[in-house]
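Undergrad: Structure incoming, see below.
The values are calculated or read from the model by the stated rules, or taken from the named source; none is laboratory data. Not measured: the values here are computed from a predicted model. Glycine also receives a Cβ, built like all others from the backbone with ideal geometry; neighbour counts cover every protein chain displayed.
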Amino acid sequence: MAEAIAVIANSVAKKKQGGDENRLDQFIELLQQYTRMDFSRKAPLGSKGDKLDAIAAGLNTLGEEMEHHIQKLRESEERFRMLVENVKDYAIFRIDTGGRIITWNKGGERIKKYTATEILGKHISIFYTEEDIRNGVPEKNLKIAKEKGKYETEGWRVRKNGAKFWANIVYTALYDNKGNLNGYAKITRDMSERKKAEEKLKSSQSFLNSVIENIPNMIFVKDAKELRFVRLNKAGEELLGYSREELLGKNDYDFFPKEEADFFTRKDKETLKNKELLHIPEEFIETKTRGKRILETKKIPLLNEQGKPLYLLGISNDITDRKKTEAELKQKSEEITRSNAELEQFAYLASHDLQEPLRTVTSYVQLLKNRYKDQLDKDANEFIDFAVSGSNRMRNLINSLLQYSRANRVKAFENVDCNELLDEVLENMNSIIQETGTTFYYKNLPVVHGDRVLLSELFQNLFSNSIKFRNGATPEINISCKEEKNHYLFSVRDNGIGIDPKYSGKIFEIFQRLHTVDKYPGTGIGLAICRKIVERHGGKIWIESEAGNGSTFHFTISKT
Ligand code: ADP
């Protein structure tokens, strides 16, 4: 519309010299061109009067259209003003050339905390820190905006209550039609949240960095594409002997022997392909300064949001010393097992071979006693009695030792019905049971998988002890069993003298006894044999007792 009026005005001015008729025609033509009027309907415009009528109508239309456009412009300006006024996240306002505020919006109120009435007419330096004001920053900013047309900056600004906030500010210079500066638009955004988030990120990054740097394990990161090192921590530098400067940007082939580099690369690729953690329990690495080391490594692919691997993270532990100690321990334990086996073999042979001469000694001493008792003097009788009891004790000892050695034998396991087994055991112990009036309680015992002879020795030893270590009362022995997930748990409870719990561990060791032979005869091998038999059946044995209050021996027999 503005263009139409300019053209028409121009043509009227130019054509002042031309003939009237001609000028009227041209005028009509222009009006036709720039208004929505259709003059052709009135054609031909023969007389000057017709032409003037047409021009009047044209000008009228032009006027109406102008009014219509001006109205639209006003509406759109109003919409724009309301829009700006209601923007909450930005302070958007105009300032005059001197820096005084001439409009205000909701965002300004929200961010800077001033109402329109409070702030209109004030100078923008009200938003600046004292230091900035001293340094003339508000004026400088306006000057730059004036020179460049637009100026964006960030800095601390002050709210009405004096609180400072980090702001992003854009100044735009505004010009009138003639190109003269008539003020500025200023848009301020409160960046405190972003600044806080940035600072949080920075501090969490520096936290993460310090964790990575101070962790005693080697941590490295390689890019997924070329498997070049992009990060190595301090522990990694110490372990490999290579500095970060040497290592970063290079790959395994630049440092390690080919077979090692091949291995590392293969594992890297496997991790990246499977996109999951890979645990390498043992790998060898040739370091720069410390020779070959053994590492335990975990490799983890680092994926982007689309699940594509970008990096490979590695965490390694130097297990060289641990491996060395383990190997030494293994060797030692093998030596101990071997020497134990030899000892047991020796004990078996010795006790076996001793039986024969002992039998001779026992029978001849017995013979001496039978034949010459009362023919010699009192001392000699006593000596003979000592010799007889000594040789009996020795026989018991040798038998126990033999039993102990035999507990090691490896015989195929069979199904053993414990009810039947106990019936047999009690049959064997009949005389001592009768002698002492011992009562046994057991029922519904399970069928277990084991060595029948050894299991019967186990029960026999426990029962003999319960009878032997009885107190004044008639011995009562209760045998029960509970089926658990992987084993059967047996309990043998008596009403005997019990033991002080502090000896609970000691009594299962060979030759360990809590009493003298005069008080309770024995060799101190019985429970050691029990332990061996239980262990042979994949179980454990222990005692629950209190001095004077009976004992309960618990043991487990593995189901497999
Ligand atoms: P021994 O019976 O030949 O002494 P054991 O190895 O069978 O050897 O037992 C070791 C010790 O454990 C016994 O000397 C005794 O002190 C204690 N002991 C074993 N069974 C019982 C029990 N049922 N009641 C109290 N003490 C016991």
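Undergrad: Could we say that Glu342 is over 26 Å from the mean Cα position of the chain (by Cα), surrounded by 10 or more Cβ atoms within 10 Å (Cβ to Cβ) and outside any strand (DSSP E or B) here? Don't jump to the end; show me each part of the working.
TA: Values: over 26 Å from the mean Cα position of the chain (by Cα): yes; surrounded by 10 or more Cβ atoms within 10 Å (Cβ to Cβ): yes; outside any strand (DSSP E or B): yes.
Taking the combined requirement at face value, the residue satisfies it.
Undergrad: Output the residues belonging to segment 503-560 that are near the ligand (Cβ under 10 Å from one of its atoms), under 21 Å from Val453 (Cβ atoms) and without any contact (Cβ under 8 Å) to a residue 60 or more places away in the chain.
TA: Phe508, Arg531
Undergrad: Which one is nearest to the ligand (Cβ to nearest atom) among residues in segment 481-502 that are free of Cβ contacts under 8 Å to residues at least 12 places away in the same chain and closer than 29 Å to Val410 by Cα?
TA: Residues of segment 481-502 free of Cβ contacts under 8 Å to residues at least 12 places away in the same chain: 482, 485, 502.
Okay, now just the ones that are also closer than 29 Å to Val410 by Cα, so 482, 485.
Numbers: Lys482: 20, Lys485: 28 Å.
Looking at residues that are free of Cβ contacts under 8 Å to residues at least 12 places away in the same chain and closer than 29 Å to Val410 by Cα, I get Lys482.
Undergrad: Glu334 passes all but one of (1) modelled with pLDDT of 95 or more; (2) more than 19 Å from Leu227 (Cβ to Cβ); which number fails?
TA: Unmet condition: (1).
Undergrad: Taking the condition surrounded by 15 or more Cβ atoms within 10 Å (Cβ to Cβ) and of a type in the set (Gly, Ala, Ser), does Gly162 pass?
TA: Working: surrounded by 15 or more Cβ atoms within 10 Å (Cβ to Cβ): no; of a type in the set (Gly, Ala, Ser): yes.
So Gly162 fails the test.
Undergrad: Any idea which residue in segment 463-480 is nearest to Ile433 (Cα to Cα), counting only those that are near the ligand (Cβ under 9 Å from one of its atoms) and among the charged types (D, E, K, R)?
TA: In this case the residue turns out to be Lys468.
Undergrad: Do the conditions hold for Arg452, that is, is it of a type in the set (Lys, Arg) and touching a strand residue (DSSP E or B) at 6+ places or on another chain (Cβ under 6 Å)?
TA: Working: of a type in the set (Lys, Arg): yes; touching a strand residue (DSSP E or B) at 6+ places or on another chain (Cβ under 6 Å): yes.
Yes: the conditions hold for Arg452.
Undergrad: Quick one: which of Lys506, Lys532, Lys540 is of a type in the set (Lys, Arg) and more than 23 Å from Leu445 (Cα to Cα)? Give the steps one after another, and end with the answer.
TA: Values: Lys532 fails: more than 23 Å from Leu445 (Cα to Cα); Lys540 fails: more than 23 Å from Leu445 (Cα to Cα).
On inspection, the qualifying residue turns out to be Lys506.
Undergrad: Would you check which residues across segment 518-560 are of a type in the set (S, T, N, Q) and closer than 17 Å to Pro475 by Cβ and list them?
TA: Initial filter on segment 518-560 (of a type in the set (S, T, N, Q)): 523, 545, 549, 551-552, 556, 558, 560.
Across segment 518-560, the qualifying residues are Ser545, Asn549, Ser551, Thr552.
Undergrad: Which residue pairs have Cβ atoms under 8 Å apart, sit 6 or more places apart or on different chains, and have a first residue in segment 75-96 that is of a type in the set (Lys, Arg) and a second that is assigned to a helix (DSSP H, G or I)?
TA: From residues that are of a type in the set (Lys, Arg), the pairs are Lys88/Lys106; Lys88/Gly107; Lys88/Arg110.
Undergrad: What number of residues within segment 182-209 are in contact (Cβ under 8 Å) with a residue 40 or more places away in the chain and surrounded by 15 or more Cβ atoms within 10 Å (Cβ to Cβ)? Before the answer, list the steps.
TA: From segment 182-209, those in contact (Cβ under 8 Å) with a residue 40 or more places away in the chain are 182-190; that's our starting set.
Narrowing further to those that are surrounded by 15 or more Cβ atoms within 10 Å (Cβ to Cβ): 183-190.
The number of residues fulfilling the criteria is 8.
Undergrad: Scanning segment 407-444 for residues that are under 24 Å from Ile467 (Cα atoms), touching a residue at least 40 places away in the same chain (Cβ under 8 Å) and not small (Gly, Ala, Ser), which turns out nearest to the ligand (Cβ to nearest atom)?
TA: The extreme case among them is Leu422.
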